[in-house]
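Heads up, the thing below is written out as structure tokens.
Nothing in this text is a laboratory measurement; each read-out follows from the coordinates by a stated rule. None of the values given here were measured: they were computed from a predicted structure. Virtual Cβ from ideal backbone geometry, glycine too; neighbours counted across all protein chains shown.
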Amino acid sequence: MDPSVEMYDSALLGILQHVGEIKPFIEVVFSFLLRRTDFFRIMKDKESKMGFPPGVAKQLVMDTVTRYEQIAKSLMERSYETKMATGEVPPRAVETVEVETEDNNTKSTPSNAKTTSSDSTTQDLPEQKTIKPEVKQEKTEPKSAPYESGLPKVTSQKSDCYNGAVRDNYSWSQTFTDVDITIPVPKQVKAKDVQIDIGRKHLKVSLKPGVVQKEAEVLIDGDLTYDIRREESMWSLVPGVGLQINLEKNLEKMWLSVIEGEEEIQRDNIDPTRHLHEMDEDAQAGWRQAMFDFEQKKAGKPTSKELETHNVLEKAWDAEGSPFKGTPFDPAKLNIST
């Protein structure tokens, strides 16, 4: 674990003490990533300098969680071994055994009895107890059917079908500007094994011959519900997730299905909220300024416009010909209206 991350403990502890629980603390972190960074922004093309390719941000979070789970497990094991060495905790049980005893018919030898030979000593001892190891049978979970000719059904989180749906061999979600499609594929599939043709109004996804079947396996092949911007659409293969396809909409409107002829989603179930990362840069800048001004007013501090006015007046205060030249800047002497 990188020790440099501990330098932020005080700030993070202050946030955690304020919100009181882990769940809202995580909400704060992801809200910050959404509002102040391009973490949730989908890259439009390979030359784009903002955002990530589809699915990469989510995979980054999952990789980090997995890594820290391993770190936590290692720390717990080390702590247990230290306590076991110092005698604070008993050692782990090597084996669980079940003891079976005979009826209490045997007579024990009196403590003052005399023995004359090893044979007599053996006869006077109580019968030995039979110890049988207890064999614990682990419950076996039913295994999922292996990948055969078709793709397994998608088991997706809500984000995989946000404003979309789960189909037999893929899931899709959407915003006002994009459609994201996730297709699960076998782990051995590599990018070179995939054939994806993204057209203005058509999408075809297939696995090349010999990857899973002798012949090419078509995963999706159909006309799109609406036109897309082909040049700004892209796809990637995310290990452990599958194929991620991002389609850039030509018109900012909600789709009821991806492929024409498929079952449509309920219009009433669509969330019409417009997220920050879907806005253009000017709109995002305006929203951030409005949020800054709101926080400043709530804290009793000057807004961005008041700060701008303050900087202009401070420069003019000591300018040539100013009656205040050479004196400390004092905004109280000025009548400032914003």
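A few remarks follow.
- Eigen-decomposition of the gyration tensor built on the alpha-carbon atoms of the range 189-312 gives equivalent ellipsoid semi-axes of 45, 18, 13 angstrom, largest listed first.
- Where Rh is the Kirkwood radius over Cα pairs, Rg/Rh for the range 162-242: 0.95
- ASP63 versus GLN296: modelled label distance in nm, points set 7 Å from Cα along the beta carbon direction: 3.9 nm
- Put simply, the range 10-79 fits an ellipsoid with semi-axes of 28, 20, 8 Å; these come from the alpha carbon gyration tensor as the roots of five times its eigenvalues, largest first.
- Full extension of the chain segment joining TYR80 with ASN169 gains 27.5 nm, where the gain is 0.36 nm per residue of separation less the Cα-Cα distance.
- With R₀ fixed at 56 Å, the C-beta to C-beta distance from ARG229 to LEU313 puts the FRET efficiency at about 0.75.
- The calculated FRET efficiency for GLU306 paired with LEU16, based on their beta-carbon distance and R0 = 41 Å, is about 0.80.
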